[in-house]
1. For the range 159-174, which residues satisfy the criterion of being over 13 Å from the mean Cα position of the chain (by Cα) and modelled with pLDDT of 90 or more?
2. Consider only pairs whose beta carbons are under 8 Å apart and that are at least six residues apart or on different chains; among these, list those whose first residue lies in the range 90-107 and is more than 19 Å from Val159 (Cβ to Cβ) and in contact (Cβ under 8 Å) with a residue 60 or more places away in the chain and whose second residue is of a type in the set (A, V, I, L, M) and part of a helix (DSSP H, G or I).
3. Restricted to the range 260-294, and to residues that are over 13 Å from Lys196 (Cα atoms) and part of a loop (DSSP other than H, G, I, E, B), which residue is least open to solvent (accessible area, probe 1.4 Å)?
4. I'd like to check something: does the range 41-55 contain any residue that is modelled with pLDDT of 90 or more and of a type in the set (Gly, Ala, Ser)?
5. Identify, by number, the condition in (1) of a type in the set (Gly, Ala, Ser); (2) closer than 17 Å to Pro287 by Cα; (3) out of contact with any strand residue (DSSP E or B) (no Cβ under 8 Å at 6 or more places or on another chain) that Ala227 doesn't meet.
6. Which of the residues that make up the range 1-20 are in contact (Cβ under 8 Å) with a residue 40 or more places away in the chain, among the hydrophobic types (A, V, I, L, M, F, W, C) and not in a helix (DSSP H, G or I)?
7. Confirm whether Leu311 is more than 30 Å from Tyr46 (Cα to Cα) and either hydroxyl-bearing (Ser, Thr, Tyr) or modelled with pLDDT of 85 or more (or both).
Amino acid sequence: MQLELIFQRIREYLQRLRRKWPVPVIWGALFAGLMLLNSSFRPTIYIARTIFHPEAAGDQGGNAANSALSLLFGPSAEQGGANFMIGILKSRYISEAVVADTILYEGQRHLLADLVLARSPRASSLFNAWRLLRKEDPAAYSYQSKIVSAARQLRNALVVMVRDDGFISMEFSFFEPALTGLISETFIRQLDAYYKRQRTEKAVRNVEFFTHRSDSVKRELDKTTRALAGTQDRSRFNLFSIDRVYPAELEVKRDMLTQMYVSLVVSKEQALAQLMQDTPIIQVLDPPAPPFDVLKASYLLYAMIGLFAGLVLGAILAVRPLLAEDLGQAIRQALASSASASPDADE
């Protein structure tokens, strides 16, 4: 009996739909048209893929250690450096450094932030086209506003992941093929500069210290050598001059400064060698060069999505009285069952 009532109700819904068939058709056509219009706003997107891997120069022991860690703790131990570089690439610092750079484009030097804002479509969909009515011209932005806005756009267009083989895959999407490759190369260049600076900070400080210290000792050594030579010239024909006492002291000072200078030069060379060992190398296997992957809006797909959504919404509106009646009845039954199950109802 209950099953027969359910089938009867379904037949009522179908009869209602047959009588109101223009409603879902109109809504379907309306939504299909809106989605087609929305797809016309969608620009063509070019995707540049770059595959690279960080590796310290001459770090054979480090590679062996990474392999041992991978055997002990799994592949995640070897991916620590790759995850570190992904964090750098997705950081605000790198994206702002990229857009603050100047590149050669179409024969002229341009601030990358200006190119990003000028070559990006003002409206990429029907739903945000209204922003054109109140959004100011990007050329009127201040320098800091340009940097922040363009950097945020680049971060949203950047996808970075670690592949199963341990290499890093970077995908960048933009609306012009030439700029897509140039921006990807700028990302790699800024990453390389930051990564080297971060990895070699201590070694660079050591080189600077020994360089400045050796230069200071060299100046003092030259000064002492000139003083010793002058003293020897003055006392050469003066057998009773007090100046004959000073050459011995100057010679001792010169010898001490010479030893210090030699030691500092050796330390400087060792620091330079350590700097070269600590300087990492970003090995780019696949550079961001054309041909790029092209992503275009599919008019057929957008129309089908709009048609389906419109038909569903139109069908709901067509059977709205029956649907409201069934929902109200279900709510009343739920309230009645909950009231009958409460302790107060039993008393």
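The values are calculated or read from the model by the stated rules, or taken from the named source; none is laboratory data. Bear in mind that the values here come from a model prediction, so they are computed numbers and not experimental data. Positions of Cβ are backbone-derived with ideal geometry, glycine not excepted, and every protein chain shown enters the neighbour counts. These area figures cover heavy atoms from the full protein model, side chains too; ligands, DNA and RNA do not enter into them. Shrake-Rupley method; radii C 1.70, N 1.55, O 1.52, S 1.80 Å.
1. Phe174
2. Asp101/Leu112; Ile103/Leu112; Ile103/Leu115; Ile103/Leu182; Tyr105/Leu115; Tyr105/Ala178; Tyr105/Leu179; Tyr105/Leu182
3. Residue satisfying both the conditions and the ranking: Pro288.
4. yes
5. (2)
6. none
7. So Leu311 passes the test.
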